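One structure is given here, and the rest of the page talks about it.
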Amino acid sequence: MRVWLPCAALAALLALPAAAADPPSKPPAAGKTLPVQQDPAKLYGFRVTRQLVDREKIVPGGPGRDGIRAVDAPTFVGVEGADAIAPETPVVGVAIGGDARAYLVPILEYHQVVNDEVGGVPIAVTFDPLTGVPRVFRRGVDGRTLRFGVSGLLYNSGFLLYDRETESLWSQFEGRAIAGELAGRSLERIRVRQEEFSAWRRRQPKTRILVPPEPARLDYNASPYEGYAEKDGSIFPVEARDRRFHAKELVVGVVVGGKARAYLASLLTKNGGRVEETFEGRPIRVAYESDRGVFEWEAPEDVEVTEAYWFAWKAFHPDTEIWKDPGPVEGREP
């Protein structure tokens, strides 16, 4: 479930000036997979070298390089100016060294990358509307601080970041460079979750909130991905599928010692809405509130946790286990 900023909230936040930019193009209509584009001229000027995946699996996503503008100089307001923000508005919250910031998903949908510094740590706050995945990374690699943009290219239907220092291409889902000078390097992940603003504010009462950077050109009340989550299937090619479940079903996925397990919203709903168990020796707790479309989860810090659409989790973790796996489901392709 998505809940956007109400008009009153935008009126309060959009009072600050910012530079204009072209809005991102809407994604192609869902329902069928687009053909792979193999023309190197379609790779938006990136020299795809030293790639760790087959070149033909890196495909254009619509808007070209920087057609979706990253936020490079983010501006924030204090929580005292946030009363007009709907409590259900989804955010990605980051807290480092006593510095807490909320990045509203309606803003991230339009920009996908925010280059920021929180608690003195250079970070990249990212959100992929196609896969539903929030990720936050430290921007330091090999002793230098990188600045990221949106390449316009995709791999496994997930968007590729690029760093402006070397123009290497990075998988946002995996946090690793899959092509270019830095191919094989990985970014250090900072664990985050997508949650309602009210929940984040309760835990971080002194949080600051990201201000929309392009008030003159963009309507953050109108998602460019409206209706996308309701349509089954993926728009772009993926390496693995499991059509027993709706492609955009919400899932919490965990990885322990290289082994993956998925907790799907529908299976949680059928089995009491929550689970507490041990997976590969690590305690896992996942709960799902179907009325609000919200997950809550707890796991040790050494467990990788991802919130995503089912098709994306399966694409990047083809051997994933499924909690309460129902086996073949009548009416859906196995």
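Values in this text are rule-based calculations from the coordinates and carry no lab data. Only a predicted model underlies this, so the values are computations on that prediction, with no experimental measurement involved. FYI the Cβ positions are ideal-geometry reconstructions off the backbone, even for glycines, and counts take in every protein chain you see.
Values computed for the structure shown
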{"item": "Cβ-placed point charges (K, R +1; D, E -1), dipole of region 140-266 about Cα centre in debye, nearest 20", "result": "640 debye"}
{"item": "Gain on full stretching of the segment that runs from ASN271 to GLU289 - 0.36 nm per residue minus C-alpha separation", "result": "5.3 nm"}
{"item": "Calculated Rg and Dmax of region 185-327 using C-alpha coordinates, Å", "result": "16.9, 52"}
{"item": "Whole-Hz couplings from phi, Karplus 6.51/-1.76/1.60, listed for region 128-134; x for Gly and Pro", "result": "10, x, 6, 9, x, 9, x"}
{"item": "Likely footprinting exposure, HIS317, HIS111, fewest C-beta neighbours within 10 Å first", "result": "HIS317, HIS111"}
{"item": "In order through region 268-283: 3J(HN,Hα) via Karplus (6.51 cos²θ - 1.76 cosθ + 1.60), integer Hz, x for Gly, Pro", "result": "5, 4, 6, 10, x, x, 7, 8, 10, 8, 10, 10, 6, x, 10, x"}
{"item": "Fewest-first ranking of PHE311, PHE46, using other Cβ atoms within 10 Å as the exposure measure", "result": "PHE46, PHE311"}
{"item": "Residue order, fewest to most surrounding Cβ atoms within 10 angstrom, among ILE178, ILE107", "result": "ILE178, ILE107"}
{"item": "Net charge of Cβ neighbours under 10 Å - reference TRP323; Lys, Arg +1; Asp, Glu -1", "result": "-1"}
{"item": "Distance between modelled label sites at GLU80 and THR278, nm, 7 Å Cα→Cβ extension", "result": "5.1 nm"}
{"item": "Region 186-267: relative contact order in percent, alpha carbon pairs under 8 Å with at least 6 residues between", "result": "15 percent"}
{"item": "Neighbour net charge for ASP232 - beta-carbon separation under 9 angstrom, K R +1, D E -1", "result": "+2"}
{"item": "Cα radius of gyration and Dmax for region 150-259 (Å)", "result": "17.4, 47"}
{"item": "Part-to-part distance (alpha-carbon centres) for region 45-77 and region 201-254, which is given in Å", "result": "18 Å"}
